[in-house]
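Asker: Let me give you the structure first, and then I'll get to my questions.
The values are calculated or read from the model by the stated rules, or taken from the named source; none is laboratory data. The structure presented is a predicted model; accordingly, all values stated were derived computationally and were not measured. Quick reminder, even Gly has a Cβ in these numbers, built from the backbone with ideal geometry, and neighbours come from all protein chains shown.
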Ligand SMILES: Cc1cc2nc3c(=O)[nH]c(=O)nc-3n(C[C@H](O)[C@H](O)[C@H](O)COP(=O)(O)OP(=O)(O)OC[C@H]3O[C@@H](n4cnc5c(N)ncnc54)[C@H](O)[C@@H]3O)c2cc1C
């Protein structure tokens, strides 16, 4: 539990934008998970820096949440302060460069790119979340990832100091961008190329149609649960282990794509975690391959 002083200070700083003992199930796309001691919404850089400094002074863990499309919160919830970016949504254009705040959503950014006649972000239309989540995860597809389109990333450090770096100074890994521990991404610039808006929209439609045919995009999930191991696909390995459609409580391994776990109302994080362990075990037994989760698993068991 966060201490009473921190609670008061957060309340004084953010008023109704600081909620306490707040269920995180509502803040993540899997719709499972227990409460955060505090869930706060910050609307600008000064508020973000103030919250980070307060948490640092009280030695309190911070969980940054974008739109929660790749986060699984355990049933016991998060002991600390979960921070969401409420503002940070501004999008602007400078020639072929699009700048977006970290709170801007995938829909807002891809729509802005298409309207501006800027190509390059078509692959990202079906990667739901925020710019902060895109950058932190180096989100991508088989063809492209954020590293290929980012020109610059802006963030604040755990101590609340603003920093920025060009793409070449950053280290991108498979579904992870290395930033100083505890940093919060505040914005990003994307280097795009001019193209006809209708052609861009056409490619975006194709991307979405392909996803709808192969992924359970209309059901609660966190996208790919596991990273693809070198030279193979986690979905193929799980399917070959006979687990498509496997249920645990109100969660199931999708029968459309075996690397997705979908939930129904009443599901618990424990149901999802049971399926994750089952898939890992079966694939290990059959192939010797150790699957690694792509989704970020946070919080305490119930
Ligand atoms: C149907 C579906 C399809 C998907 N397809 C893909 C896909 O093709 N490719 C892919 O890569 N992903 C995919 N995903 C996963 C998800 O869309 C991406 O990981 C996306 O980048 C998550 O963004 P978010 O804002 O929701 O992040 P969150 O889930 O909120 O956070 C993810 C991680 O990023 C960190 N984070 C978030 N915001 C910030 C910030 N401002 N500063 C620092 N850290 C931050 C969080 O702490 C957490 O560790 C899919 C998910 C779904 C549900």
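Asker: Which of the residues spanning segment 81-95 are surrounded by 17 or more Cβ atoms within 10 Å (Cβ to Cβ) and in contact with a strand residue (DSSP E or B) (Cβ under 6 Å, 6 or more places away or on another chain)?
Answerer: Those that are surrounded by 17 or more Cβ atoms within 10 Å (Cβ to Cβ) and in contact with a strand residue (DSSP E or B) (Cβ under 6 Å, 6 or more places away or on another chain): 81, 82, 83, 84, 88, 89, 91.
Asker: Taking segment 168-205 on its own, how many of its residues are under 15 Å from residue 122 (Cα atoms) and in contact with a helix residue (DSSP H, G or I) (Cβ under 8 Å, 6 or more places away or on another chain)?
Answerer: Within segment 168-205, residues that are under 15 Å from residue 122 (Cα atoms) and in contact with a helix residue (DSSP H, G or I) (Cβ under 8 Å, 6 or more places away or on another chain) number 8.
Asker: Select from segment 111-154 the residues that are over 24 Å from residue 227 (Cα atoms), touching a residue at least 60 places away in the same chain (Cβ under 8 Å) and within 12 Å of the ligand (Cβ to nearest atom) and list them in ascending order.
Answerer: Within segment 111-154, no residue meets the criteria.
Asker: Sort out which residues of segment 57-84 are closer than 12 Å to residue 184 by Cβ and out of contact with any helix residue (DSSP H, G or I) (no Cβ under 9 Å at 6 or more places or on another chain), and write them in order of number.
Answerer: Residue satisfying the conditions is 63 alone.
Asker: If only one of 192, 121 is surrounded by 21 or more Cβ atoms within 10 Å (Cβ to Cβ) and more than 20 Å from the chain's Cα centre (by Cα), which one is it?
Answerer: 192
Asker: Out of (1) in a loop (DSSP other than H, G, I, E, B); (2) buried (at least 20 other Cβ atoms within 10 Å of the Cβ), what's the single condition that is false for residue 75?
Answerer: (2)
Yes or no, residue by residue, for (1) under 16 Å from the mean Cα position of the chain (by Cα); (2) near the ligand (Cβ under 10 Å from one of its atoms); (3) in the same structural domain as residue 192 (by TED's automatic domain parsing):
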residue: 32; (1), (2), (3): yes, no, no
residue: 37; (1), (2), (3): no, no, no
residue: 48; (1), (2), (3): no, yes, no
residue: 98; (1), (2), (3): no, no, yes
residue: 109; (1), (2), (3): yes, no, yes
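Asker: Output the residues belonging to segment 178-188 that are free of Cβ contacts under 8 Å to residues at least 60 places away in the same chain and more than 9 Å from the ligand (Cβ to nearest atom).
Answerer: Correct list: 178, 180, 181.
Asker: Which members of segment 1-49 meet the condition of being more than 29 Å from residue 128 (Cβ to Cβ) and either part of a helix (DSSP H, G or I) or free of Cβ contacts under 8 Å to residues at least 60 places away in the same chain (or both)?
Answerer: 3, 4, 5, 6, 7, 8, 9, 11, 12, 13, 15
Asker: Provide a single number: the residues in segment 250-267 that are within 24 Å of residue 77 (Cβ to Cβ), surrounded by fewer than 21 Cβ atoms within 10 Å (Cβ to Cβ) and out of contact with any helix residue (DSSP H, G or I) (no Cβ under 9 Å at 6 or more places or on another chain).
Answerer: 3
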